[in-house]
Amino acid sequence: MKRFNWMEKEISNLKEKGLFTTIRTLSSPQGAWLIVDGKKVLNFCSNNYLGFGNHPKLVEAAKKAIDDFGVGPGAVRTIAGTMDLHKELEERIAKFKGAEAAITFQSGFAANLGTIQALVGKKDVIFSDELNHASIIDGCKLSGARIVRYNHCKPNHLEQVIKENEGTYKRALIITDGVFSMDGDVAPLDRLQEIAEGYDILLAVDDAHGEGVLGKGGRGIVDHFNLHGKVDLEIGTFSKAFGVIGGVVAGNAVVIDWLNQRGRPFLFSSAMTPPDVAACIAAIDLLEESDKYIKQLWDNADYFKAEMAKNGFDIGSSQTPITPIMLGEAPLAQEMSRDLFANGIFATPIGFPTVPKGKARIRVMISAAHSREDLDQGLKKFVESGKKLGII
């Protein structure tokens, strides 16, 4: 049919350029090892930082919640969808992060969409890091505010563009990722906070890849920089280190109260499901009980990154367990991913538009669930593939 012709052409074009994404299928729970497309492989690409995705305590909590509350919330939060569990999670996560209050959304993506739109509009401006996540970009576009991008992790340039735009807007928002998911670098939040305070501008940070990773006991980037009470909003997700699903915004109580009134995903989409909420609470329990999972994560990451660099791989400038294997062109990243999978390593390629053209990579996501033997096996296969393809 003619109406599909343009899509068929675009898909063919993606395949020719090595940019077509082949989606593999899992037949097992998350962990260090997975069954993918019917094959047992070592997992190097999940966001399951702490191994909580199939942790017995989270599974048990989810099962009990089903018995107590059923499987679905049945409504949006403002009508008949707010359960005891939702309030408990919001109170627990606010306390965990040292924030005045918190609100939960259905996902981290929804949290960014709902929050940004509620804070700024057509007469306003958003100062956004040029490498912010797609959910931030989409939230900025949907808000209708003017978007001014500043150079990646460059506070001096942020201050420059603020000065250049003074007097041209009603309200303003500075927003940044905390940990940038493709490169693993950390935003200079201390300097951004000084600038935001100096110009009396709202400051929001997306801590999706910092929660459970940075800060004391995994409390995130605000704790990492000791900025409690100084950053207006931490936007995050329960889908990575927490091992579940759902979004959260923690911070100033006035702003959280406003999001309860104007956060569109909160108002117009059903609440997080009871088993998900209960599992998130169980994850907080584990993080408050011990930092052993976080220590294991960092031990594994430091070892893997050092060995990859020693073997000649370009691993970028990551400051976190995120380990980009920089390859340049998308076809090479796809070829290496296929070669690794054939040899029992699940590591997916990432190319444009997720990263800029010429910056394709395989992004390795290290987990506390990996044993030293797992890491050594992965290193061996990466080295073999790297030599085979002329990368090292």
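The values are calculated or read from the model by the stated rules, or taken from the named source; none is laboratory data. Here the structure is a predicted model, which means the values were calculated and not measured. No Cβ is skipped: glycine too gets one built from the backbone with ideal geometry, and neighbour counts run over all protein chains shown. What goes into the accessible areas is simple: the full protein's heavy atoms, side chains included, and nothing from ligands, DNA or RNA. Shrake-Rupley method; radii C 1.70, N 1.55, O 1.52, S 1.80 Å.
Some observations on this one:
- Rule-of-thumb Rg ratio for segment 169-277 [Cα; 2.2 N^0.38 Å; N residues]: 1.10
- The apolar share of the surface of segment 1-138, taken as the fraction of accessible area on carbon and sulfur atoms (1.4 Å probe, ligands and nucleic acids excluded), comes to 55 percent.
- Considering all C-alpha pairs of segment 256-317, those separated by over 15 Å amount to 72%.
- Heavy-atom accessible area per residue - segment 78-123, 1.4 Å, Å²: 43 Å²
- Accessible area of Thr323 (1.4 Å probe, protein heavy atoms only, ligands and nucleic acids ignored): about 0 Å².
- The residues of segment 124-166 expose, per residue, 46 Å² of accessible area to a 1.4 Å probe.
- Comparing Cα centroids, segment 127-154 and segment 322-392 end up 29 angstrom apart.
- Stretching Glu288 away from Ile392 to a fully extended chain increases their span by 33.2 nm, per 0.36 nm per residue minus the current alpha-carbon distance.
- Each Lys and Arg contributes +1 and each Asp and Glu -1, all at the Cβ; summed about the Cα centre of segment 213-310, the dipole is approximately 280 debye.
- Centre separation in Å (Cα based) which lies between segment 1-49 and segment 74-122: 31 Å
- Each label was represented as a point 7 Å from its Cα along the Cα-to-Cβ direction; for Ser270 and Ser28 these points are 3.2 nm apart.
- For the chain, the average shadow cast by the Cα convex hull is 20.7 nm², which is a quarter of the hull's surface.
- Heavy-atom accessible area order for Met182, Met308, Met7, largest first, 1.4 Å probe: Met7, Met182, Met308
- Taking only alpha carbon atoms, segment 332-379 gives an Rg to Rh ratio of 1.03, where Rh is the Kirkwood radius.
- Helix-derived mean residue ellipticity, 222 nm - over the chain, DSSP H n ≥ 4, -39500 (n - 2.57), to 500: -13000 deg cm²/dmol
- Carbon + sulfur, % of accessible area of segment 182-331 - ligands and nucleic acids excluded, 1.4 Å: 46 percent
- Computed magnitude of the charge dipole of the chain (debye, nearest 20; Cβ of K, R +1, Cβ of D, E -1): 1240 debye
- DSSP finds beta bridges in segment 187-263, and of those with both partners inside it, around 60 percent are antiparallel.
- Residues with amide H under 5 Å from that of Asp185, placed H, sequence gap 5 or more: Phe180, Gln319
- Projected over every direction and averaged, the convex hull enclosing the alpha-carbon atoms of segment 39-151 yields 11.1 nm².
- Think of a 1.4 Å ball rolled over the protein heavy atoms: segment 234-372 then has 38 Å² of accessible area per residue.
- Under Karplus coefficients 6.51, -1.76 and 1.60, residue-wise ³J(HN,Hα) of segment 271-286 in Hz, glycine/proline x: 5, 4, 6, x, x, 5, 4, 5, 5, 5, 4, 5, 5, 4, 3, 4
- Calculated FRET efficiency for the pair Glu164/Glu60, C-beta based, R₀ 51 Å, to 0.05: 0.40
- Look at the alpha carbon pairs under 8 Å that are at least 6 residues apart: their mean separation over the length of segment 102-178 gives a relative contact order of 37 percent.
- Charge-dipole axis of the chain as Lys and Arg at +1 and Asp and Glu at -1 on Cβ define it, positive-most pick from Ile362, Gly312, Met336: Met336
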